[in-house]
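Structure record follows, encoded as structure tokens.
The values are calculated or read from the model by the stated rules, or taken from the named source; none is laboratory data. The model shown is predicted, which means the values in this text are computed figures rather than measured ones. FYI the Cβ positions are ideal-geometry reconstructions off the backbone, even for glycines, and counts take in every protein chain you see.
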Amino acid sequence: MHARTTIVQGNPASLDEGIAQVRDQVMPSVTAMDGCVGISMLCDRSTGRCIVTTAWESEDAMSASAQGVMSLREEATRTLDAATSDVMMWEIAAVHRDHWVPEGACARVTWLSGRPETAERAVDMFRMAVLPRVQEFEGFCAASFMVDREAGRAVGAVVFDSRESCEASRDATTEMRERVTQELGATVDAVEEMEVAFAHLHVPEMA
């Protein structure tokens with residue numbers, strides 16, 4: 001399974017219009033493409049930053065969709081009042097859901113960089129050390145981990161049923177993140193807590 005993330009630094013004042021466009025126009029078009037298994041959107045209302053993720057059955061299906069999604073991406077970028085968008089490609093390495101994500105959910109997204117040769121070890125640590133721990137947190141809904149093996153990058157997302165639950169887990173998460181990244185020799189590039197605008201990803205369980 002593979003994924004494409006599109007990161008847009010939009011205008012907070014245009015956020016609701018942008019969410020509506022991605023949900024009502026982009027989502028039907030993308031999910032109708034061969035091999036697509038869903039789409040999600042995260043946003044930060046204070047900054048206008050948005051992350052749209054599309055999931056694909058294979059790398060070939062993701063590559064084949066590149067031309068078709070370009071105009072959709074450009075239109076959404078304009079609606080969000082953003083000048084540019086950044087696109088990243090990933091292998092989906094782990095997915096676990098406790099239950100479906102409700103309205104008002106919040107996600108903590110952690111961006112990591114390290115050595116390409118440690119990618120498999122990072123996946124194993126997420127599955128064996130991180131996932132069992134975050135499942136114990138109050139309000140846990142789902143978690144995923146994606147890697148770019150060639151670049152040595154990774155991104156993990158943990159979704160909670162509310163912002164309050166997400167915030168309550170900060171201290172425990174920080175301690176765990178520091179321990180894991182030290183063991184991996186990885187760098188934490190950014191940690192974001194974002195509203196889940198919608199989540200319609202139908203990626204099978206991969207924990």
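Observations
- Output for the stretch 52-69, where each listed residue is surrounded by fewer than 24 Cβ atoms within 10 Å (Cβ to Cβ), farther than 16 Å from ASP86 by Cβ and not acidic (Asp, Glu): SER58, ALA61, MET62, SER63, ALA64, SER65, GLN67, GLY68
- Among the conditions (1) of a type outside the set (D, E, K, R); (2) touching a residue at least 12 places away in the same chain (Cβ under 8 Å); (3) farther than 22 Å from TRP100 by Cβ, the only one that VAL196 does not satisfy is (3).
- When ALA105, ALA154 are checked against the criterion of being under 20 Å from ARG4 (Cβ atoms) and within 18 Å of the chain's Cα centre (by Cα), ALA154 stands alone in meeting it.
- Against the conditions (1) surrounded by 14 or more Cβ atoms within 10 Å (Cβ to Cβ); (2) in contact with a Ser or Thr (Cβ under 6 Å, 6 or more places away or on another chain), ARG163 satisfies every one except (2).
- Candidates ALA142, ALA122 - the one that is in contact with a Leu (Cβ under 8 Å, 6 or more places away or on another chain) and either closer than 24 Å to PRO28 by Cα or not β-branched (Val, Ile, Thr) (or both): ALA122
- When ASP81, ASP44 are checked against the criterion of being out of contact with any Asp or Glu (no Cβ under 8 Å at 6 or more places or on another chain), surrounded by 15 or more Cβ atoms within 10 Å (Cβ to Cβ) and of a type in the set (D, E, K, R), a single residue qualifies: ASP81.
Residues are listed down the side, and each one gets a yes or a no for (1) among the small types (Gly, Ala, Ser); (2) in contact with a helix residue (DSSP H, G or I) (Cβ under 7 Å, 6 or more places away or on another chain):
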residue	(1), (2)
SER165	yes, no
ASP171	no, no
ARG177	no, no
LEU184	no, yes
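- Across the stretch 117-137, the qualifying residues are those that are of a type in the set (Lys, Arg) and in contact with a helix residue (DSSP H, G or I) (Cβ under 8 Å, 6 or more places away or on another chain), and the one among them that is nearest to ASP98 (Cα to Cα) is ARG133.
- Considering the stretch 174-201, the residues that are among the β-branched types (Val, Ile, Thr) and either surrounded by fewer than 17 Cβ atoms within 10 Å (Cβ to Cβ) or modelled with pLDDT of 95 or more (or both) include one that is nearest to the chain's Cα centre (by Cα), namely VAL196.
- Within the stretch 117-137, the presence of a residue that is in a strand (DSSP E or B), within 18 Å of VAL191 (Cα to Cα) and free of Cβ contacts under 8 Å to residues at least 60 places away in the same chain is excluded.
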